[in-house]
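Let me begin by handing over the structure; questions about it come next.
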Amino acid sequence: MDQNLISGTLTPEDAQACKDALEVLFTKMPFLSAMQSMDVSRFFKVGTTYQPLLDLVMQVVETHPEILSPVFDKDEFMKDSEFYASLGPLAMRVSELHAGLDKTVMAVGSDTLKGAREVYAAVKQHKNKVPGLSAVYDEMSAFFKKNKIKTASAPSEG
């Protein structure tokens, strides 16, 4: 094969250990939301833009609680603020893992498909020379059929 973007292995034991580690994460974070995209679009998003505001608000809530409305739940706000701050670094690491895993899966898939195309070319070349390859070729060729687009002929002037 002339393409090898990724070379690695994942033993069944290591794959199971990864699955187990992910299961631990899901177990430790039973609060993970399952909101739909439509629901998510209705909410304010903090991001890096509003983080400085949250920091200032935390300071005000801590130093001047007397200015807050009696219905404002200071304890819940502080709990949410601390919870948000603790999730940020975890979200970043999981995003890094997700991006790396996606790119690795894409690269390994590309390597594999590139190799499969080389095998297909060899099968195609030898389909009539090696007994049994013709049937395999017929099955494989279904994946490589090109859709022929019929072009409309230009109307004749007359």
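Is it the case that the stretch 6-26 has a residue that's touching a residue at least 40 places away in the same chain (Cβ under 8 Å) and within 30 Å of SER141 (Cβ to Cβ)?
Yes, there is a match, as at least one residue in the stretch 6-26 is touching a residue at least 40 places away in the same chain (Cβ under 8 Å) and within 30 Å of SER141 (Cβ to Cβ).
Also: Which condition from (1) surrounded by 12 or more Cβ atoms within 10 Å (Cβ to Cβ); (2) modelled with pLDDT under 95 is the one that SER41 breaks?
(1) is the only condition that SER41 fails.
Of all residues in the stretch 1-17, how many are among the polar types (S, T, N, Q) and surrounded by 10 or more Cβ atoms within 10 Å (Cβ to Cβ)?
Within the stretch 1-17, residues that are among the polar types (S, T, N, Q) and surrounded by 10 or more Cβ atoms within 10 Å (Cβ to Cβ) number 3.
Considering only residues that are at positive phi and part of a helix (DSSP H, G or I), which ones fall in the stretch 102-137?
Within the stretch 102-137, none qualify.
Let me ask something additional. Which residue pairs have Cβ atoms closer than 6 Å, lie 6 or more positions apart in sequence or on different chains, and pair a first residue in the stretch 100-126 that is of a type in the set (Phe, Trp, Tyr) with a second residue that is part of a helix (DSSP H, G or I) and surrounded by 13 or more Cβ atoms within 10 Å (Cβ to Cβ)?
Pairs that qualify, where the first residue is of a type in the set (Phe, Trp, Tyr) and the partner is part of a helix (DSSP H, G or I) and surrounded by 13 or more Cβ atoms within 10 Å (Cβ to Cβ), are TYR120/MET140.
Follow-up question, since we're still on this one. Condition first: at pLDDT below 85 and either outside any helix (DSSP H, G or I) or among the acidic types (Asp, Glu) (or both). Can you find one or more residues in the stretch 10-24 that meet it?
Initially, the stretch 10-24 is screened for residues at pLDDT below 85, giving none.
Scanning the stretch 10-24 turns up no residue that is at pLDDT below 85 and either outside any helix (DSSP H, G or I) or among the acidic types (Asp, Glu) (or both).
Would you call HIS64 loosely packed, with under 10 Cβ neighbours inside 10 Å, modelled with pLDDT of 95 or more and not hydrophobic (A, V, I, L, M, F, W, C)? Full working, then the answer.
Numbers: loosely packed, with under 10 Cβ neighbours inside 10 Å: yes; modelled with pLDDT of 95 or more: yes; not hydrophobic (A, V, I, L, M, F, W, C): yes.
In short, yes.
Which one of ALA91, ALA85, ALA99, ALA34 is modelled with pLDDT of 95 or more and either of a type in the set (A, V, I, L, M, F, W, C) or part of a loop (DSSP other than H, G, I, E, B) (or both)? Spell out the reasoning first.
On the way: ALA91 fails: modelled with pLDDT of 95 or more; ALA85 fails: modelled with pLDDT of 95 or more; ALA34 fails: modelled with pLDDT of 95 or more.
Only one candidate qualifies: ALA99.
Turning to a different aspect of this structure: Of all residues in the stretch 61-82, how many are closer than 28 Å to PHE31 by Cα and in a helix (DSSP H, G or I)?
Of the residues in that region, 11 qualify.
Can you tell me how many residues in the stretch 102-129 are at pLDDT below 95, among the basic types (Lys, Arg) and within 19 Å of THR9 (Cα to Cα)?
1
Now for a separate question. Please verify whether ILE67 is of a type in the set (A, V, I, L, M, F, W, C) and over 22 Å from the mean Cα position of the chain (by Cα), treating the condition exactly as stated.
yes
The values are calculated or read from the model by the stated rules, or taken from the named source; none is laboratory data. Remember, it's a predicted structure, so these values are computed and weren't measured experimentally. Ideal geometry is used to build each Cβ from the backbone, glycine not excepted, and the neighbour counts take in all protein chains shown.
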